[in-house]
Amino acid sequence: MASILGYLSWVKNSKEIKIQNEDEVLKKERKKILIIVIVFTILGFFPALVT
């Protein structure tokens, strides 16, 4: 749910801002997404380690 709200907020804000260098912005967004996926993957394994 938080991801959807964050995405909708990002889309709304990105329409107002004119992007000059789209490639650089896409690289930064991919890095953010990769970090988020890694963090939540690690957090998903913690409950399995407890039992």
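The table below lists the values:
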{"item": "Contour minus Cα-Cα distance for residue 36 and residue 5 (0.36 nm per residue)", "result": "9.6 nm"}
{"item": "FRET efficiency, 1/(1 + (r/R0)^6) with R0 30 Å, evaluated for residue 50 and residue 28 via beta carbons", "result": "0.30"}
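None of the figures in this text is laboratory data; all of them are computed from the coordinates on show. The model shown is predicted, which means the values in this text are computed figures rather than measured ones. Reconstructed Cβ throughout: ideal geometry from the backbone, glycine too, with neighbour counts over all protein chains shown.
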